[in-house]
Amino acid sequence: MYKSVLRPLFFNLAPETIHHLVVSGLRFLFKIPGASSIVSHLTQVSGGNLERKVFGLTFKNPVGIAAGFDKQAVMFNQLAHLGFGFVEIGTITPKGQTGNPKPRLFRLPKDKALINRMGFNNIGVEEAVKNLKKRKTDIIIGGNIGKNTATPNEKAAEDYVYCFQKLFDFVDYFVVNVSCPNITDLRELQDQDKLMDILSKLQLINQSQPKPKPILLKVSPDLNCKQLDEVIEIVKQTKIDGVVATNTSVSREGLITDQKTITGIGNGGLSGLPVRERATEVIKYLSEKSGKAFPIIGVGGIFTPEDAIEKLNAGADLVQVYTGFIYEGPLIAKRINKSLKINKKDFFG
């Protein structure tokens, strides 16, 4: 029904417009008495073999929703009823910001892809905390943190530290986002020295807490082997807990959509099916080259159970969906988890 009826209707509207309508619709739906129980019954897959213990946390299942969908930390309670094992909010910055000018989100239906240049639009960490205080679910919540666009890179660490401290009591793990292609000069922070500075400062604060929180680094699919080797060394030196692989890509190679349309869209991060193979390659490289030294959350082009299993077999411990959720609909987590439960022998080696 979703692909044949709802998706064609949704795709007649601008991507951001339909996103806000879906968010509002889901929030309204779950206010109806009994709706959450009914939806959970239709979407949840239970079973001991789905449970995963990763970086000290216990996940009910390994399928999460990536940062970008719940940018404002307003949907985690509702998403918990759609069969996901965890939700990553954000990217959250110290101050609220409107992001880049619209239009800034584009569909490529022929490629099963999206291009976005949202620009870390979010309500800011103070407002996000207010929303997180309304948490009604025990689902694991990750906090994806970044810097404000106006903050110069030489002061970027201050923004990450500020968000980390403010969110510390309200999320279960952190993801440091320095790889988004939609913030001016942000990806310069992937430079080894700059990244070491940010992560070391976060770890200093983290390790001073009675119960430190897992810190992960989100990496770009556009990194070369030398840069991926640097990522492995940075994880080793800073002793952070893992990596999210991968973010969106600036590449436009191999797209079916006509070049005129692609040129007209302009800059932005590509997500969806076209980045699936590269994301898997990055996961496999990081896992094998490091000797499986740290956990990896695999994200990029996951639409089917087979896509998820591909990521897990490549070395991922957990997976996340975003573009696949938009194209495949609200039962995507159920379909993946159901397959993982049946085909346990094919993964989690």
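The values are calculated or read from the model by the stated rules, or taken from the named source; none is laboratory data. Remember, it's a predicted structure, so these values are computed and weren't measured experimentally. Heads up, the Cβs are rebuilt from the backbone with ideal geometry, glycines too, and the neighbour counts pull from every protein chain shown.
If you check every pair at least six apart or on different chains, which have Cβ atoms under 7 Å apart with a residue in region 102-125 that is within 16 Å of P181 (Cβ to Cβ) first and a residue that is among the acidic types (D, E) second?
L105/E16
Quick check: is even one residue across region 252-266 on the phi > 0 side of the Ramachandran plot and not polar (S, T, N, Q)?
Within region 252-266 (the criterion being on the phi > 0 side of the Ramachandran plot and not polar (S, T, N, Q)), the answer is yes, since at least one residue qualifies.
I'd like to know if region 307-330 contains one or more residues that are within 20 Å of M196 (Cβ to Cβ), polar (S, T, N, Q) and touching a helix residue (DSSP H, G or I) at 6+ places or on another chain (Cβ under 8 Å).
Taking every residue of region 307-330 in turn, none turns out to be within 20 Å of M196 (Cβ to Cβ), polar (S, T, N, Q) and touching a helix residue (DSSP H, G or I) at 6+ places or on another chain (Cβ under 8 Å).
If you check L270 against the conditions, is it more than 18 Å from F86 (Cβ to Cβ) and either touching a residue at least 60 places away in the same chain (Cβ under 8 Å) or surrounded by 15 or more Cβ atoms within 10 Å (Cβ to Cβ) (or both)?
yes
How many residues, within region 88-107, are assigned to a loop (DSSP other than H, G, I, E, B) and touching a Cys at 6+ places or on another chain (Cβ under 8 Å)?
2
Does V161 satisfy the condition of being more than 18 Å from the chain's Cα centre (by Cα) and under 25 Å from V243 (Cβ atoms)?
yes
Please work out which one of (1) crowded, with 24+ Cβ neighbours inside 10 Å; (2) part of a helix (DSSP H, G or I); (3) hydrophobic (A, V, I, L, M, F, W, C) is the condition I309 fails and give its number.
(1)
Being touching a residue at least 40 places away in the same chain (Cβ under 8 Å) and buried (at least 21 other Cβ atoms within 10 Å of the Cβ) narrows it down to one residue among L255, L228, L223; which is it?
After applying the criteria, what remains is L223.
Need a quick list: helices (runs of 4 or more DSSP H) entirely within region 13-87 having at least 3 residues that are free of Cβ contacts under 8 Å to residues at least 40 places away in the same chain and either farther than 22 Å from M118 by Cβ or in contact with a His (Cβ under 8 Å, 6 or more places away or on another chain) (or both).
Result: 35-43.
Name every residue in region 154-206 that is buried (at least 16 other Cβ atoms within 10 Å of the Cβ), closer than 30 Å to R104 by Cα and polar (S, T, N, Q), in order of residue number.
N177, S179, N182, Q190
Is there any pair linking a residue in region 189-210 that is of a type in the set (D, E, K, R) to one that is assigned to a helix (DSSP H, G or I), with Cβ under 8 Å and at least six apart or on different chains, and which?
K194/N153; K194/A156; K194/E188; D197/A157; K201/A157; K201/Y160; K201/V161
Within region 88-98, work out how many residues are farther than 17 Å from L216 by Cβ and touching a residue at least 60 places away in the same chain (Cβ under 8 Å).
Within region 88-98, residues that are farther than 17 Å from L216 by Cβ and touching a residue at least 60 places away in the same chain (Cβ under 8 Å) number 2.
Does any residue of region 51-60 turn out to be modelled with pLDDT of 95 or more, β-branched (V, I, T), under 19 Å from the mean Cα position of the chain (by Cα) and surrounded by fewer than 16 Cβ atoms within 10 Å (Cβ to Cβ)?
yes
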